[in-house]
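Reviewing the structure listed below.
The values are calculated or read from the model by the stated rules, or taken from the named source; none is laboratory data. Just so we're clear, the structure is a prediction, and the values are computed from it rather than from any experiment. Cβ sites come from the backbone with ideal geometry, for glycine too, and all protein chains shown count toward neighbours. With ligands, DNA and RNA removed, areas are computed over all heavy atoms of the protein, side chains included. Shrake-Rupley method; radii C 1.70, N 1.55, O 1.52, S 1.80 Å.
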Amino acid sequence: MTAQYDLRGKIAVVTGAGSGIGRSSAITLARNGAAVVVNYKDNERGAAETVSEIQAMRGNAVKVQADVTKREDVMRLMAETMDNFGRVDILVNNAGSIVKLMRIEDCTDEVWDAVMDVNLKSAFLCSQAVIPYFKEQRSGRIINISSLAAQLGGRGGSIPYATAKAALNVFTKGLANELGPYSITVNAIAPGIILTPFHDRFSRPDRLQEVINATPLQRAGSPEEVGGFVAFLASNEAGFITGEVLGIDGGR
Ligand code: NAD
């Protein structure tokens, strides 16, 4: 694949970029010229592979460990971004998880809080950390990875996840209003089924096939297709798009 957008000179931070959509977003941003901070929590090997893939195409990337549900880790992630690259232009709030499939009647406080932290608080903390830089340079892109589940309500034990992603959509719209006067755009991407390690953990193969059968395009999406969407939203071409929740779901 060749570059489609001109992101040369831009610095991107992608959270949870050691696998799946985060990895693909990091690689696609780098292919289009951005230097990338590849964040990971536990998956150091995955993050190292993302960095190697970027370096193999002569791109620029570093991996930085940080649990993006923790304020002190997020502050360190941004400090290390500044130490490495001296600026930040693009934030992709990708880290997310269902954590554990549980019916609401069985859901514990711990699971509820963990789901809110990884899918919602992480975006609050990371956005808050980049806003001073974005405001000062009067530019910046925040791209939140939401989910189609936010519209459907979450099935088979994922109501907390769908609730967190719905809140992330509202956060996206509010932040777009607040930051618009500084030429900062904030958008969310809402994927349907995308084949990543996420489904190895949270989806039964028969259920996955059912959803694919109910999808007009009759297939799952690839992380590369989402990565391409992220690169578009980070580009100058998308400069007049803000406050949107954009689906990429095969027509579901
Ligand atoms: P994935 O499990 O491969 O990716 C999630 C990444 O986030 C992992 O690398 C994980 O280590 C990382 N992560 C988790 N907690 C973290 C933390 N506290 N700090 C830093 N990193 C952390 O799955 P994916 O499908 O690539 O998911 C990426 C995003 O896409 C998630 O927000 C997910 O909710 C969303 N999404 C996925 C699908 C799908 O079908 N795959 C559909 C809709 C939305």
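Of all the residues in the range 15-27, those that are more than 10 Å from the chain's Cα centre (by Cα) and part of a loop (DSSP other than H, G, I, E, B) number 2. In this structure, residue 213 does not satisfy being in contact (Cβ under 8 Å) with a residue 12 or more places away in the chain and either within 16 Å of the ligand (Cβ to nearest atom) or open to solvent by 50 Å² or more (accessible area, probe 1.4 Å) (or both). Looking across the range 151-196, the residues that are outside any strand (DSSP E or B), open to solvent by less than 10 Å² (accessible area, probe 1.4 Å) and over 15 Å from residue 97 (Cα atoms) come down to 172, 176, 179. Can you find even one residue in the range 84-106 that is assigned to a helix (DSSP H, G or I) and either at positive phi or not basic (Lys, Arg) (or both)? Yes: the range 84-106 contains one or more residues that are assigned to a helix (DSSP H, G or I) and either at positive phi or not basic (Lys, Arg) (or both). Close contacts from the range 83-95, counting a first residue that is surrounded by fewer than 20 Cβ atoms within 10 Å (Cβ to Cβ) and modelled with pLDDT of 95 or more and a second that is assigned to a helix (DSSP H, G or I) and among the aromatic types (Phe, Trp, Tyr), with Cβ to Cβ under 9 Å and a gap of 6+ residues or different chains, come to 87/133. If only one of 30, 12 is crowded, with 22+ Cβ neighbours inside 10 Å, at pLDDT 95 or above and assigned to a strand (DSSP E or B), which one is it? One residue alone meets the criteria, 12. On inspection, residue 143 does not qualify as open to solvent by less than 30 Å² (accessible area, probe 1.4 Å), within 12 Å of the ligand (Cβ to nearest atom) and in contact with a Phe, Trp or Tyr (Cβ under 7 Å, 6 or more places away or on another chain).
Kindly evaluate residue 72 against the criterion of being without any contact (Cβ under 8 Å) to a residue 12 or more places away in the chain and either part of a loop (DSSP other than H, G, I, E, B) or within 15 Å of the ligand (Cβ to nearest atom) (or both). Criteria met by residue 72. Tallying residues that are polar (S, T, N, Q) and more than 29 Å from residue 140 (Cβ to Cβ) within the range 75-114 yields 1.
Picking from 176, 150, 129, 114, which residue would you name as being over 24 Å from residue 77 (Cα atoms) and among the aliphatic types (A, V, I, L, M)? On inspection, the qualifying residue turns out to be 150.
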